[in-house]
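All of the numbers you see were taken from the coordinates with simple rules; none came from a lab. All figures in this text were calculated on a predicted structure; none of them were measured in a lab. Because the Cβ atoms are built from the backbone with ideal geometry, glycine has one as well, and the counts that use them run over all protein chains shown.
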Amino acid sequence: MDSKMYLKLSSVITCPECKFSKYEHMPENACMHFYVCSNCGAMLKPKEGHCCVFCSYGSVKCPPVQKDNSCRP
């Protein structure tokens, strides 16, 4: 079976500044390095050692990490 069938492509991202949460679609083949909170306008960047904002602030790790279980900044 194709491993893509088991990837979660959505995550709830929570802004560390205002605590606003939003359901977002994640790119399947890339990490998202910046995200602007639609509530307060804060520019989110990955925490040190994380590859993307979903790994830092999301309810689900990004698809590249889901595929090989590693996070490379």
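Lysines near residue 19 by alpha-carbon distance under 26 Å, same-chain residues fewer than 8 away left out - which ones?
In chain and number order, the partners are 8, 45, 47, 61.
Cα atoms only, the chain: Rg and Dmax in Å?
Using the Cα atoms of the chain, the pair Rg, Dmax is 12.1, 42 Å.
Could you work out the relative contact order of segment 1-52? I mean the mean sequence separation of Cα pairs under 8 Å and 6+ apart, divided by the number of residues, in percent.
Relative contact order comes out at 26 percent.
Determine the calculated [θ] at 222 nm for the chain from helices alone, applying -39500 (n - 2.57) to every DSSP H run no shorter than 4 residues and normalising by the residue count; nearest 500 deg cm²/dmol. Present the calculation step by step, with values, prior to reporting the outcome.
Values: 2 runs with 11 residues, N = 73.
Helices in the chain give a 222 nm mean residue ellipticity of -3000 deg cm²/dmol.
Given points 7 Å out from each Cα along the Cα-Cβ axis, report the residue 17 to residue 38 separation in nanometres with one decimal.
Result: 1.7 nm between the two label points.
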